[in-house]
Structure formats: C-alpha cells, structure tokens
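Here's the structure, in structure tokens; my notes come after.
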Ligand code: FAD
C-alpha cells in the first residue's frame, strides 16, 4: 500500500473540501498532486490563463506550506499521466469531474486507457453541488427551465464541507516538475495584467475571506442591491469558484447557515448559486450549448458575424455610456457585474444584431471568472436562442437601464474618462490597459453613438420578424 496516489488537479485548487486530497490523506498513502497543461487548458482565453497562473502559484505555495508539492507537467493528459505512473510507481489516479464536452471526452478516454492498463482511475464529484444526471424531471430527463430545476434542488442535502487535511504524505522521491514561469501563461495579457491584478483575489484564503466578508454584511441587502452595478453588493466569488479555490458546497453551506440565522438575502443568494448549477446541468446534457443555438429555429436568424460595430463594443466605444462602462469594467477588472453583462450582451446581439458567439468569445478572452457553462448559458439566455431564454423581443434599453440601475451615474463615471477633469483610477486604468493601437487618451471626446436605443430596438425586432417569415 505504499504506491503513491496521483491527484490530477484541474479546477479544484484548494485544500478544504477537496475530496481528492481529503480522501488521499485518510489513506495515509503518499500523494502526488499534479496539474497538467494539456491542449484543452492551453486553449482557454488570455485573462483566464493569466489568472490560472496566479491560482497555480498560490496553490503550490499552500501545498508547500504543509510539506507537499504541486507537480507541473505539459502535454496531452493521458501521456503525462502514463509518464508519471512509470516514474513514480503510482497505481491510482483521482480527479474531480468536469462537465463540458471537451473535458468529458478527454476524461472518458483517460479513464478507459488507465483502467485497461490496470490502474485504478476514479473521478469524484466536487465542481458542482448536484451531479447533472442526478437531477431529473418527473418524466425523466434533464430540466430545461430554471424554476422547476430550483424547486428540485433547493432542499437537497449536500453533506458537510470537509476540513482541510493537516498534512499529506510525500512520496519517497518527488518527480520532476516544470517551472510555472516557463509556461508563460500570462503572456497574452500584455498591458492589462498589471491593471487586472489589482482586482483579482487569488487563492483559497482570499476566497474564504471574500465569502466571510459577504456574509458579514452585504448578504442582508443582496436581494435589494444585487442588480446595481455601482453597489458592491455581490460576493465576487465567481472568480474563485471557477478555479475551485472554494467549493460550491462551502459557499452553499455558508449560505444555508446565513439563511438559518435569518440573513434576509440568503435565500436569493442560494438561488443565484443554483443558476451556476443549472448552467452545468445544461452544459452536461446539451454540450452543443457552447457553440450552437440551443433552439434550432435561430439558425435562420440573420446574425451579423464579427464587424466594426462589434469591435467598437469590445473597445468600450459604442457611444452608449452604460454599455461602454460595462465593457471597460471587463477590461480593467477582468469581471463584469451581472446586470452589466446582460445589458452589454443584449446590446451586442440586439442593437448591433451581432451573433452571440462573437460576444461569448470576447468574454472568454477577458473574464478572469470565465466559466464555460455560465458564459454559454448567459449568452444564449440574453440572445433569446437558449433554453429558458429571455424572449428576443425583451430588448434592454440601455438608457432606461442606466436610469433605473445607475441613476446617480456612479458606475459610468467610474469607468468612462471622457468629460471628466479628474477621472477616477479605474477610468485611467482603462487607458493604461488598452492596446496603444486603440489610440485612446485622457482628452478624448465621448464616442459617437452607433445607433439610438429606440431605433436599435426597432431594427432588432424587424430582423426578428423577418427571420420568422413574418411581415
Ligand atoms: P453573486 O451575485 O455573488 O452570486 C454568487 C454566485 O452565484 C456567483 O459567484 C456565480 O457562481 C453564481 N451565479 C450568479 N449569477 C449567475 C448566473 N446568472 N449564471 C450562473 N451563475 C451565476 N458567470 C461566471 O461565473 N462566469 C462566466 O463566464 C459568466 N459569463 C456570463 C455571461 C453573460 C452574458 C451573463 C449574462 C452572465 C454570465 N455569468 C458568468 C453569470 C454572472 O454574471 C456571474 O456569475 C456573476 O456576475 C458573478 O458575480 P458574483 O460572484 O459577485 O455573483
């Protein structure tokens, strides 16, 4: 029983409630934690890759703090695992399940090849609360609508979160590891890295601190304020959940405890976490949601491909102040408030008639909380092409949204330098982070509007009716 266990880490960079590490610690057997930079991981966007590097550095330090190590290797996962098995004599490989199409295909192939070679290959739950195949409608099969999904999962037990293991048994000899810096994961970020770094909260301790801070105060007003982009009213935990620096079960259990203690916004917070679950439920059962219209009737819609308006949208230069503020928030912080995401996505797909996949791809480049399931569901939901989507004719009017959710203009002033004698730091950081080729500077006049909100709505609805063969 002295052969090491290989724990193949992916989106689970934590000690607490890490079922692999906790189970390995319980066996007392030597454990080797490995992160593999495989082609699937190499393919992620610039900002998530940069953030991954920071997360790996933090977790390597955490493991070192308890006398263990994070081994880094690059190459196709199966080949790397085979090499490590040969080098270390490991007879067991464990990992937490992921649910996107590419990961499911890779993991299945790895499992069958290792099993055939006599290795114990086992996957664990942990990235979501509810395994997608364990939540079924009364008639059988997956849910397509959030409301019934929520009612199905809300009272389900999830078990207690596991305490971090105090120590992990090291192998007799450590296998070699790549140097993290040699992977140059941050290279695509260019000037943005320094600016986004101010906003990132990296690692397990930071994630826990974020959760604690949220539950100490903002949760009380969460239901009332969560839609206001200028208010610091949400948890910010998406950044940590996506790399597994905190588990959904830790957050869920803490939310339940707050609810039991009478925190007014806790129920709404739990409902939002369940949206994350729903997005994984959809992604697992309908993996094409990342790339194809979920509703086939949308295939005939005359979406515009990439175009000059979309480029103005990416640069925060549409001339629609709330949309531009949202896009600059993305560039400066690597995240975007949920309401701002909906408004920016609606503007691109409806006012600018641009294919939701153009927006999805830009978010995937820029978000440090990029998540394949939430991003795909969010875009299809707003575009109107997804399951349980907002109907296409629900076109957000960015002016009306600004009046309702940013009445004082605080959020717009934070990110738009134009017209301000003394712009605040985030607005200036946008100028510092933007590529030089965008030719932006402090004295810029406000960009000219691409299309008036009312006209854009009428144009979107006309395209919608024409696409359906209606006059
Ligand atoms: P809180 O309000 O504190 O909510 C707590 C947690 O619940 C979040 O951390 C998140 O895990 C989950 N959650 C909340 N709202 C949603 C939602 N609508 N869908 C799924 N999960 C949710 N979220 C991502 O994590 N990654 C993405 O790539 C992503 N892309 C999106 C794209 C679009 C077009 C839209 C409309 C939404 C997208 N979302 C995405 C969902 C949502 O905007 C973020 O999860 C939220 O803004 C994160 O902020 P928070 O952690 O402060 O959330």
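Please treat every number below as a calculation from the coordinates, not as lab data. Keep in mind that this is a model prediction, so the values were computed, not measured. Positions of Cβ are generated from backbone atoms using ideal geometry, with glycine treated the same way; all protein chains shown enter the neighbour counts.
By the Kirkwood approach, averaging reciprocal distances over each pair of separate Cα atoms, region 1-127 gets a hydrodynamic radius of 14.9 Å. A Förster radius of 51 Å, combined with the Cβ-Cβ distance separating residue 116 from residue 256, puts the computed FRET efficiency at roughly 0.75. Helix 372-383 and the longest principal axis of the C-alpha atoms of the chain enclose an angle of approximately 20°. Taking only the C-alpha atoms of region 279-395, the Rg (one decimal) and the largest Cα-Cα distance, Dmax (whole number), read 13.2, 39 Å.
The calculated pair-distance distribution of the chain uses every alpha carbon pair, bins of 20 angstrom beginning at 0, and gives 23, 55, 21, 1 percent. Helix 266-285 and the longest principal axis of the C-alpha atoms of the chain enclose an angle of approximately 80°. Multiplying the residue separation of residue 432 and residue 462 by 0.36 nm and subtracting their alpha-carbon distance yields 6.8 nm.
When DSSP beta bridges are restricted to pairs lying wholly in the chain, around 0% turn out antiparallel.
Based on alpha-carbon atoms, the Kirkwood radius and the radius of gyration of region 111-200 give Rg/Rh equal to 1.11. Dimensions of region 314-471 from C-alpha coordinates, computed as largest minus smallest value along each principal axis and given longest first, are 50, 33, 31 Å.
Between residue 150 and residue 42, full extension at 0.36 nm per residue minus the direct alpha carbon distance yields a gain of 35.5 nm. Take every Cα pair under 8 Å whose residues are at least 6 apart in sequence, average their separation, divide by the length of the chain, and the relative contact order is 18 percent. Counting neighbouring beta carbons within 10 Å and listing from fewest to most, the residues 454, 251, 34 come out as 454, 34, 251.
The length gained by stretching the chain between residue 194 and residue 176 to full extension, at 0.36 nm per residue less their Cα-Cα distance, is 3.4 nm. The angle between the Cα long axis of helix 101-116 and the longest principal axis of the Cα atoms of the chain comes to about 10 degrees, rounded to the nearest 10.
Can you pull the Rg over Rh of region 211-277, Cα-only, Kirkwood?
Details: Rg = 11.0 Å, Rh = 11.9 Å.
Using only Cα positions, Rg/Rh for region 211-277 is 0.93.
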